[in-house]
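Peer 1: Structure in structure tokens, see below.
The values are calculated or read from the model by the stated rules, or taken from the named source; none is laboratory data. Please read these numbers as outputs of a predicted model, since none were measured by experiment. Virtual Cβ from ideal backbone geometry, glycine too; neighbours counted across all protein chains shown.
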Amino acid sequence: MAENSLDRKLRAILSADVKGYSRLMGEDEEHTIKTITAYRETFFSLISKHKGRVVDSPGDNILAEFASALNAVNSAIEIQKTLKEKNVDLPDNRKMEFRIGINLGDIVQEGDRIYGDGVNVAARIEGLAEPGGVCISRNVCDQVKKKLTNLGYEYIGAHDVKNISEPVRVYKILTESEYAGKVIGEETPKPAWPRTATAALVILGIVACVLVVWNLYTRRPTIEPASVEKMAFQLPDKPSIAVLPFDNLTGDPQQEYFSDGMTEEIITALSKVPNLFVIARNSTFSYKGKPIKIRQVAEELGVRYVLEGSVQREGNRVRVTAQLIDAVKGHHLWAERYDRELKDTFALQDDITGNILSALAVKLTKGEQATIRPKGTDNLEAYLKELQAIWYLQRRTKEGNFRARQLAEEAMALDPEYAAVYITLAFCSIHDVFYGWSKSVKESLEQAFELAQKAISLDESSPIAYVLLSSVYMFKKQYEKAIAEAERAIAFDPNGDSAYSQLGTVLQMVGRPQEAIAPLEKAIRLNPNGPSLYFRRLGSAYRDIGRYEEAIVQLKKAIKLTPDSLYPHIGLAATYSLSGRDKEARAEVSEVLKIQPKISLKRLAKRVAYKNQADIDRLINALRKAGLPE
């Protein structure tokens, strides 16, 4: 690109994202999408009001530019105040809180997009902000502190930013009236130390370093051991592991797809090992960005081993650290640091997986060795586009789905034999159906079916492709085929929570709830922080065999995760009615009508997915008794 084609300018950059967005999406996709759509409108309106311009808004991220730092800060404060008022009406676990960072810096504009250090620093500052809060750089603070005297400013330290030579000094904005006009904790000029004092400090520093090194070599860092008695689940009878999301050390939120992708690739590979118990991605990613302890993860997920690490991608090189921890004993089993060329990423992932298996003394047969690594691609660009596509797909927004399809199609053009891209494209079609974005449900299902078949023709060991086929067969009411494909998925991925959930769902639909319970329980054990849907399905299976109290427990869990979702309330109302608890049943019907006032037995009967009419009639009669209108 020619230098004179670049438009350079000084701008105030506002960067925002949602704290815990992955958890919100995992617990209730539909409600999260509705909320973030409404909150985006607030952002767009108030940014425009304060003379700013929204540059980009992928998923939960929002990037905007302002000609004035004053306007940027006023916009951010009004946005957070407005969103706080909106959050008052939401349950604590459904509140959507944004973090906002603002920087004043040099940017490069190309068309409608902006790049440069000014943008990177804003994104780094955003990550330091508290949910519902605003952080600003020192240069922004200097611009606004004497003009916005209704606010306070707290210095929270200097922070390193990738490719920026000097640390960035960051301030937190305080909106409480008691701090108005104050700057708290601001740096004071350093005194000119005499040479002798400086020399003495140098010597002390050297001594301190020696002591630190001595301690590191003579005393291993301690980790607070997890208590087996306090674990939420009984430890499996084989090595159990949770892989935490690797930290992105690039300082660039746009590189999250790469660190997330590497984590998921490791989970996918380990999940195929029959002699391991591996927690699903959804549950481990619920800890992303949170200050958690290894003991806490092990006790909440019921595992003995935890893998954590970090990724730093710079140009054509990637640096990865990984460490495997025995949480019960409280010590490291294995740790390694890798510095490789980006093109060696696939081999690097294999090395990490192999080292984990060696540390856990898990041996693979030749057949298992062949299937543990999916048939990927030798085209690095195609691989990176596929990782980005997955990252957008998991946002479960219409815009994200569109972008995921674009990237997957670009990856497919680069390598038509890359099985993973066909799976991603199939999921795009399934999302179109599930979220009501499809112009033709029949055509979207056929697309998903053909794409899943293509993926299997390229890599017959791809379990998620079989889950997709099972889902399509279920939509087509070809239940026996749906069961067979779900069982194939489990054979290739014994730790696949989605495969177990799919199998249990189909078994329940065809009137085999007793058989459905075991795979549904397995899905929740593999994914304890999984979606509300898992608990609703298990609760319905318990209800259908008359285990009403157990059904009520599971359905209440589903409601706690998604209080505004219609079907857990319907399921609980029917369960109360069938168990003779008429008062509670009527109360749940009232909750149903609050969520969807126009719902009726006639409309509901068309949506119930049971194969047998007798099962549908039983459910409808229970809801009629509970007072749901005809």
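Peer 1: Please go through the stretch 595-622 and give me each residue that is more than 33 Å from the chain's Cα centre (by Cα), part of a loop (DSSP other than H, G, I, E, B) and either in contact (Cβ under 8 Å) with a residue 40 or more places away in the chain or on the phi > 0 side of the Ramachandran plot (or both), ordered by number. Before the answer, list the steps.
Peer 2: First pass over the stretch 595-622, keeping only residues more than 33 Å from the chain's Cα centre (by Cα): 598, 600-603, 605-606, 611-622.
If we keep only those that are part of a loop (DSSP other than H, G, I, E, B) as well, we get 598, 600, 611-612.
Within the stretch 595-622, K611, N612 qualify.
Peer 1: Select from the stretch 538-562 the residues that are closer than 25 Å to M25 by Cβ and touching a residue at least 40 places away in the same chain (Cβ under 8 Å) and list them in ascending order.
Peer 2: Of everything in the stretch 538-562, those that are closer than 25 Å to M25 by Cβ and touching a residue at least 40 places away in the same chain (Cβ under 8 Å) turn out to be K560, L561, T562.
Peer 1: May I pose another question? Output the residues belonging to the stretch 252-272 that are modelled with pLDDT under 90 and under 20 Å from E521 (Cα atoms).
Peer 2: K272
Peer 1: Limited to the stretch 324-334, what total is found for residues that are assigned to a strand (DSSP E or B) and modelled with pLDDT of 90 or more? Before the answer, list the steps.
Peer 2: Applying the first criterion (assigned to a strand (DSSP E or B)) to the stretch 324-334 yields 324-326, 331-334.
Restricting the remaining residues to those that are modelled with pLDDT of 90 or more gives 324-326.
Here the count works out to 3.
Peer 1: Do the conditions hold for A585, that is, is it touching a Phe, Trp or Tyr at 6+ places or on another chain (Cβ under 6 Å), surrounded by 13 or more Cβ atoms within 10 Å (Cβ to Cβ), at negative phi and assigned to a helix (DSSP H, G or I)?
Peer 2: Working: touching a Phe, Trp or Tyr at 6+ places or on another chain (Cβ under 6 Å): yes; surrounded by 13 or more Cβ atoms within 10 Å (Cβ to Cβ): yes; at negative phi: yes; assigned to a helix (DSSP H, G or I): yes.
So A585 fits the description; yes.
Peer 1: Still on this structure: Restricting the stretch 389-421 to residues that are touching a Gly at 6+ places or on another chain (Cβ under 8 Å) and closer than 18 Å to K343 by Cβ, which is surrounded by the fewest Cβ atoms within 10 Å (Cβ to Cβ)?
Peer 2: Taking the candidates together, the pick is Y418.
Peer 1: So which of A426, A482 is within 23 Å of N612 (Cα to Cα), touching a residue at least 24 places away in the same chain (Cβ under 8 Å) and not charged (D, E, K, R)?
Peer 2: Working: A426 fails: within 23 Å of N612 (Cα to Cα).
Just a single option satisfies the conditions, and that option is A482.
Peer 1: Can you pull out every residue in the stretch 311-340 that is farther than 15 Å from A242 by Cα, within 24 Å of the chain's Cα centre (by Cα) and not β-branched (V, I, T)?
Peer 2: Passing the criteria: Q312, R313, E314, R319.
Peer 1: Is it the case, given these coordinates, that A382 is among the small types (G, A, S), farther than 17 Å from Q255 by Cβ and at pLDDT below 85?
Peer 2: Values: among the small types (G, A, S): yes; farther than 17 Å from Q255 by Cβ: yes; at pLDDT below 85: no.
No, not satisfied.
Table: residues versus (1) touching a Phe, Trp or Tyr at 6+ places or on another chain (Cβ under 7 Å); (2) assigned to a helix (DSSP H, G or I); (3) crowded, with 24+ Cβ neighbours inside 10 Å.
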position: N71; (1), (2), (3): no, yes, no
position: E78; (1), (2), (3): no, yes, no
position: K84; (1), (2), (3): no, yes, no
position: M96; (1), (2), (3): yes, no, no
position: R99; (1), (2), (3): no, no, no
position: A129; (1), (2), (3): no, no, yes
position: N139; (1), (2), (3): no, yes, no
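Peer 1: For the stretch 503-526, which residues satisfy the criterion of being closer than 27 Å to T32 by Cα and in contact with a Gly (Cβ under 9 Å, 6 or more places away or on another chain)? Reasoning before the result, please.
Peer 2: To start, the set of residues in the stretch 503-526 that are closer than 27 Å to T32 by Cα comprises 503-506, 520-526.
Within the stretch 503-526, L520, E521, K522, A523, I524, R525, L526 meet the criteria.
Peer 1: Residues to consider are A67, A122; find the one that is more than 27 Å from the chain's Cα centre (by Cα) and of a type in the set (G, A, S).
Peer 2: A67
Peer 1: Failed condition for V320, given (1) at pLDDT below 85; (2) buried (at least 17 other Cβ atoms within 10 Å of the Cβ), with all others met?
Peer 2: In the conditions (1) at pLDDT below 85; (2) buried (at least 17 other Cβ atoms within 10 Å of the Cβ), V320 misses (1) alone.
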